[in-house]
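Since every read-out is calculated from the coordinates, none of them should be taken as a lab result. All of these numbers come straight from a predicted model, not from anything done at the bench. Because the Cβ atoms are built from the backbone with ideal geometry, glycine has one as well, and the counts that use them run over all protein chains shown.
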Amino acid sequence: MTFGLGSRGRFGLLALVACGVTATAGAVPKKPAHSGSQHASRQTAGSAHGPARGSAGAAASRRAGVGGTRAQGKAAGARGGRSSGGARSVHGRAVPQVHVRTVESAPTPVSRQLSTAFVQTEQLRPMAQQLASTRSAAAYAGVQNYAAAHPGEGAAAAYLAIGHAYTLDRSYAAAGGAFRQAANAGTSLKDYADFLGAQASVQNHDATGAITLLTGFGTRYPDSIFAASAPVLLAQAYLLQNDGAAALRALATQMGQPASQKADYLLTEAKAHEQQGDNAAAASILRQIYVRLPFSPEAAQAKAELQKLNAGPSAGERKLHADALFNAHRYAEAGAEYHSIERDDASLGQADRDALEIYAAVCDLRQKHLSRRDAERLPQTSDDSAALRLYILAELARNDGDEAGNRSLLEQMEQRFPNSRWLEEGLYSSGNMYLIKRNSAQAIANYSELFRRFPNSTYAPSSHWRAAWLNYRSRNYAEAARLMEEQVAKYPTSTEAPSALYWRGRLFEDPEKNYAQAANFYNALNTSYQNYYYGVLARERLRAMGAQPTVAPAFPLSSVRTPPAPTLVQALPENDPHLIKARLLANAGLNDYIAPEIQASPGSGQWGALAQAEIYRSYGENVRSLQAIKRAGSSFFALPIREVPNEYWQLLFPRPYWSDLTTDAAAHGLDPYLVASLIRQESEFNPAAVSRANAYGLMQLLPSVGKAEAKKQGIGRFQTGMLLDPSTNLRLGTGNLKAVLDRFGGQAEYALAAYNAGDSPVRRWMAENNYKDIPEFVESIPYSETRDYVQSILRNREMYRQLYAGQ
């Protein structure tokens, strides 16, 4: 039995690798034993997570976007300049110019009503937020008392908060009662009371109650965010009554609409067909869910329903499902599914069984559960799974430090499978191995072979840059210069483009002594990457060189991309009903509905991210606030500070806990902006953050580090939970940061690298002692997570300084 599901092998291995099999296994440093390591980070040469498979420039957002910053506070008024658009140039290059507009909306009866309700419920917000978070008896009682004391819209919002909390507690009957009270008390959030009440009724198997609430919902609330979902919920209520025909009639109102492509709609439709006896139609829809929407909660239900109908899923469909799991890095689930397909389907031929065994083995490899002996026992095949088998063996050789074995296996792949994506993976992984081992010549050879054979690979830009950088570090300046210019010309949107611009400029300075051309490269950085790490360094070089004569820019500079000018708002449309309603939802503690409510406004594409961020910040949700402003879609770090409304910077660079932070920083002689930037990178100012490496709180301290620092500072009876207290975490964290800085002579770059990767690797890198300056050391850090970490914190420190200096 064979499967025509792709172009490589019977199962179509292309489906397995198209979305991303990363080549990072084995490049993970050991956790240092000393107490200076903050957390056991899994790191690799190159990207810490492996480059995203897809377009070659996809990873550029890691530095070009708003990644890892947030803001609060007041920026200096002098930086509040506004632009109305239009072209502007600096040193002959176009500068991204922000278009700032004010969005106005006239008040309406609806907006006035909602505004009144919002004002009436402002005092409810802290109680409702606490109830949503803790759902303790005291929190329930507090909101209940508020409802009794504030009839009308205040009571409506309070009962809505109570119903929502009961739903989270799975007390659906109680939730339904609270939602009915909310609907009876006020009108501003009545669509929420009815829809959420209907949801509770369906969960409580009360079909009649749900049908009553949902019949005519779209007519009563045409602007509700639930208008498209109500027919699906109504259909589910009819299914409870075994009325498949009525369910299909309810769903028909959304036929052809976006809602009809969602998993909940499709599963409901399939169950309705099944109740009608049309098992063929049901099975067809269930297959769509299982294969096309593999990560939806309904996918597992679809598989169970197909099996109940004795209609599959087929081995081919299960293979596609497993491939999707693999590409999402859900290796345990994918491996289990590959094994299950092989075990369950007696009609499979030996070739397919062999391929499945190899697919399952690569899942084990990703989980570090595969030994070399097990891999050597894998079957010999003749399709692309044979390339995968060689790749697995090459990875295991790499993990064992067997350079000769790794090289031999890659040579076999080059001879037998010269176009295989597994060769691409193997070359990148092997290049990373040699980068870690400081074998520049072999690393350059592997990286160069990769971008020569696979010029359109997602790995090509990073491989090309590493070849350029390693030539620079080997002082092969002519080849480094050539590759750097080629990097700018061939991969202008790559993550590495700013690095190439800066270091080519440095080569123009020394050894070429062409200072005018160096200035051209630095000016290009200052224009297109103004607030990036290398943009800051470029301005430092320009100041050090002084004025230079004007010369024609070198040809690669014509490829440098200037980000498109965004349109931002400096004032929100205060009379927009959806915006006011979103704020009202925050008062009621219904936080998950804030974003959908704002997005329902037709004009929210330009102001929605700002509105969400400000609402989240208003009740202390710093993480959500930052994530919302990140989604604004603008490359803020490429923009001049003066041209971006202060509201955005204040959200991107917050200063929560600022009094404690500055006090503790001063006590240890630390720059408060460095501390703030480190926290922003570590926890995004989330005091309750706990990492997978068991690091706690704002500054992400390991319990062992916290205990040692507490003893040093005379804090007795230390317990790990104390690290979740912001004041304690700041006190201990600043003390520990000072100790790390002291171990590295006060050099922030060394200390930050050690904070992320541990002291031992940094000592090894320092021991090479052949860096011309600190930026060369930073770019030479072989772990991308650590390199990006250091650069991001230093960049953000400069942003904090520019925004808040003198305040």
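As a proxy for reagent exposure, ranking 722, 484, 255 by other Cβ atoms within 10 Å from fewest up yields 255, 722, 484. Take every pair of alpha-carbon atoms less than 8 Å apart whose residues are at least six positions apart; their mean separation over the length of the chain yields a relative contact order of 20 percent.
Highest-first packing order for the peptide set 340-350, 667-677, 138-148, 457-467 is 457-467, 667-677, 138-148, 340-350, based on the mean count of other beta carbon atoms within 10 Å.
Per residue, the Cα convex hull of region 458-561 amounts to 88 Å³. The calculated FRET efficiency for the pair residue 694 and residue 512, based on their C-beta separation and a Förster distance of 51 Å, comes to about 0.55.
Which value, in debye to the nearest 20, gives the size of the charge dipole of the chain about its Cα centre, when Lys and Arg are +1 and Asp and Glu are -1 at the Cβ? Don't skip to the end; give the middle numbers.
Details: 84 positive and 72 negative charges, 372 e Å.
Dipole magnitude for the chain comes out near 1780 debye.
Could you point to the residue in 604, 573, 641 farthest towards the positive end of region 568-650's charge dipole, with +1 and -1 charges on the Cβ of Lys/Arg and Asp/Glu respectively? Value computed over the given set: 641.
With the simple model of a label 7 Å out from the Cα in the direction of the Cβ, residue 552 to residue 257 spans 6.1 nm. Taken about its Cα centre, region 653-698 carries a charge dipole of roughly 140 debye when the Cβ of each Lys and Arg holds +1 and the Cβ of each Asp and Glu holds -1. Here, P(r) means the percent of Cα pairs in each 5 Å bin from 0 to the largest distance; for region 110-313 it is 1, 8, 14, 16, 16, 14, 11, 8, 6, 3, 1, 0. Sorting 296, 224 by the number of Cβ atoms found within 10 Å of their own Cβ, with the fewest placed first, yields 296, 224. Between the alpha-carbon centres of region 171-218 and region 262-335 there is a gap of 30 Å. Counting only DSSP H runs of at least 4 residues, each contributing -39500 (n - 2.57), and dividing by the residue count of the chain, the helix-based mean residue ellipticity at 222 nm comes to -18500 deg cm²/dmol. Arranged from fewest to most other beta-carbon atoms within 10 Å of their beta carbon, 326, 417 become 417, 326. Entry note, region 458-561: relative contact order of 25 percent, from Cα contacts under 8 Å with a spacing of 6+ residues. Panel note: the C-alpha atoms of region 669-775, placed on their principal axes, show extents of 45, 28, 27 Å (largest first). Think of region 110-313 as having a plus end and a minus end, set by charges on the Cβ of Lys, Arg, Asp and Glu; of 111, 123, 283, 123 sits farthest toward the positive end of this dipole. A protection proxy built from the mean count of other Cβ atoms within 10 Å ranks the segments 171-179, 576-584, 358-366, most packed first, as 576-584, 358-366, 171-179. Put the Cα centre of region 411-489 next to the Cα centre of region 613-627 and the gap is 42 Å. The structure-derived value of log10 I(q)/I(0) by the Debye sum over Cα atoms at q = 0.06, 0.09 Å⁻¹ appears in the list [x] -0.34, -0.82; [y] -0.47, -1.08; [z] -0.72, -1.02 under the label [y].
Determine the dipole magnitude for region 658-804: charges of +1 sit on the beta-carbon of Lys and Arg, -1 on that of Asp and Glu, nothing else is charged, the reference point is the Cα centre, and the result goes in debye to the nearest 20. Could the numbers behind the result be given before it?
Working: 16 positive and 17 negative charges, 91 e Å.
Result for region 658-804 is approximately 440 debye, rounded to the nearest 20.
Which whole-number percent gives the relative contact order of region 110-313, counting Cα pairs below 8 Å spaced six or more residues apart?
Values: 280 pairs, mean separation 21.1, N = 204.
Once normalised by length, the contact order is 10 percent.
Measure up 437/772; 437/630; 711/738; 319/368; 271/581 against 25 Å on the Cα-Cα distance and list the ones that go over. Among 437/772; 437/630; 711/738; 319/368; 271/581, the Cα-Cα distance tops 25 Å for 437/630; 271/581. When the Cα positions of 331, 267, 436 are compared along the charge dipole of the chain, 436 comes out farthest toward the positive end, with charges on each C-beta of Lys, Arg, Asp and Glu.
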